[in-house]
Amino acid sequence: MKRTLVTGGAGFLGSHLCDRFIQEGHEVICVDNFITGRPDNIAHLIGNPNFSFIELDVTNYIYVEGPLDYILHFASPASPIDYLKYPIQTLKVGALGTHKALGLAKAKKARFLLASTSEVYGDPLVHPQKEEYWGNVNPIGMRGVYDEAKRFAEAMTMAYNRYHKVETRLLRIFNTYGPRMRLDDGRALPTFMKQALQGDPITVFGDGSQTRSFCYVDDLVEGIYRLLMSDETDPVNIGNPDEISILDFAQEVIELTNSSSEIIFKDLPADDPKIRQPDISKAKEILSWKPVVDRREGLRRTLEYFRKEEPAVV
């Protein structure tokens, strides 16, 4: 039986990966310190003989007994409200946490996959974003703690690949959504849904013309699995190229929730990307992957989750 370690495994994405690898017949070891992850996300796995949980901060050390086949490094605050609240922890988990996880991969001769992000492209001057684009990032801006942590993590991962011959895979995630998101995580989708369901005004930053491309979590997990099992060591974008303006997206959420909420506008945060759309040509060619869940269907599933899991809020 293959053994797979998921750092940040109690988070939104990490917990879905724990589910997927158990379904694939792996023994899964989940590591998290619950800064932004939640015990509820993995509660259904407790007691499963192929699942174990270790509570620890991966910036200090990672120790796991026995062999490991795969390490997926997903530990990190991943939404602006989180990484602006925990800026130093975000930098540390991208730098020290990645170093510790790569060191474990080297010691165990395990294949390592880094969860990087479309934020490495910054406020892009190239559209859509290809993997070869080097980005337009403000390293000392408020968002730099996340952007630069992931850029450093990518550099560290490639260094271990080249110098220590560790098998590495490099994933660039574009905006992902679905069940197990936190309503209070500050990202557009849960924020809009919470506001719409409560009948509060929906807050759109700037004039709402900035774009995002939303990928449903099941599609992302499939892409991650295919990338891990591939031979590709260079970065690969995994996301949905179906681009939409934030204003149109807010209106879509209002329609879906049958809300009477009005839209109000606030100042655009510093360094907020104006455009975001993945070029997924590489994923299509190398992984035979493309998203299959339509945004409206994905939003419906996500809304269903929020209504079931957050009744006190919605």
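FYI, it's all coordinate maths here, none of it is from the lab. Just so we're clear, the structure is a prediction, and the values are computed from it rather than from any experiment. Cβ atoms come from the backbone with ideal geometry, glycine included; neighbour counts cover every protein chain shown.
Around P139, what is the net charge, scoring Lys/Arg as +1 and Asp/Glu as -1 over all other residues with Cβ under 13 Å from its Cβ?
-2
For V292, V58, V31, what's the fewest-to-most ordering of other Cβ within 10 Å of each Cβ?
Taking fewest neighbouring Cβ atoms as first place, the list is V292, V58, V31.
Taking the simple approach of a point 7 Å from Cα along Cα-to-Cβ for both Y133 and D267, what is their distance in nm?
Here the modelled spin labels are 2.7 nm apart.
Only Cα pairs under 8 Å and at least 6 apart count here; give the relative contact order of the chain as a rounded whole percent.
17 percent
What does the convex hull of the alpha-carbon atoms of the stretch 88-131 project to on average, in nm²?
Convex hull of Cα atoms, orientation-averaged projection: 4.1 nm².
With axes computed from alpha carbons, what is the tilt in degrees of helix 12-23 against the longest principal axis of the chain, rounded to the nearest 10 within 0 to 90?
For 12-23 against the chain, the angle is about 50 degrees.
Run the numbers for I46 and E252: contour at 0.36 nm per residue of separation, minus the present Cα-Cα distance, in nm.
Gain on extension, I46 to E252, equals 70.5 nm.
Please work out how much length the chain gains when fully extended from H164 to F152, using 0.36 nm per residue of separation minus the C-alpha to C-alpha distance, in nm with one decimal.
2.6 nm
For the stretch 178-314, report the translational diffusion coefficient in µm²/s to the nearest whole number, using Stokes-Einstein at 20 °C, 1.002 mPa s, and a Kirkwood Rh over Cα pairs.
Diffusion coefficient, whole number: 133 µm²/s.
Exceeding 22 Å between C-alpha atoms, which entries from my cross-link table qualify? They are K150/K274; K150/K266; K109/K290.
Beyond 22 Å between Cα atoms: K150/K266; K109/K290.
Could you derive backbone 3J(HN,Hα) for the stretch 61-77 from the dihedral phi with the Karplus parameters 6.51, -1.76 and 1.60 (θ = phi - 60°), listing whole Hz in sequence and x where the residue is Gly or Pro?
6, 9, 10, 9, 6, x, x, 9, 9, 9, 10, 10, 9, 10, 6, 3, x
Helix 217-228 sits at what angle to the longest principal axis of the chain, using alpha carbons and giving 0 to 90 degrees rounded to 10?
Relative to the chain, helix 217-228 is tipped by roughly 30 degrees.
Starting from the coordinates of the alpha-carbon atoms of the stretch 1-89, obtain the Kirkwood hydrodynamic radius over all distinct pairs and give the value in Å to one decimal.
For the stretch 1-89, the Kirkwood estimate is 13.1 Å.
Which ordering of M1, M158 is given by a fewest-first count of other beta-carbon atoms within 10 Å?
M1, M158
Amide H neighbours of N138 under 5 Å, counting only residues 5+ apart in sequence or on other chains, H built in-plane at 1.01 Å?
D123
What distance in nm separates the simple spin-label points at R300 and S230, each placed 7 Å from Cα in the Cβ direction?
3.0 nm
In the stretch 108-180, if every C-alpha pair distance is counted and binned at 5 Å from zero, what percent goes to each bin?
3, 15, 22, 22, 18, 12, 6, 1, 0
So, by mean Cβ neighbours within 10 angstrom, what's the order for 59-66, 115-122 with the highest one leading?
115-122, 59-66
Considering all alpha-carbon pairs of the chain, what whole percent are spaced by more than 26 angstrom?
Considering the chain, 44 percent of its Cα-Cα pairs are separated by more than 26 Å.
Subtracting the Cα-Cα distance from 0.36 nm times the residue separation, let me have the gained length for K85 to Q198 in nm, one decimal.
Here the answer is 38.2 nm.
Just the C-alpha atoms of the stretch 181-258: what Rg/Rh do they give, with Rh taken as the Kirkwood radius?
1.08
Give the peptides 80-86, 133-139 in descending order of average Cβ contacts within 10 Å, highest first.
So the order, starting with the most tightly packed, is 80-86, 133-139.
Hey, what angle do you get for helix 188-198 against the long axis of the chain, alpha-carbon based, 0 to 90 degrees rounded to 10?
Result, in degrees: 50.
Counting other beta carbons within 10 Å of each Cβ, put I224, I88 in order, fewest first.
Going from sparsest to densest Cβ surroundings: I88, I224.
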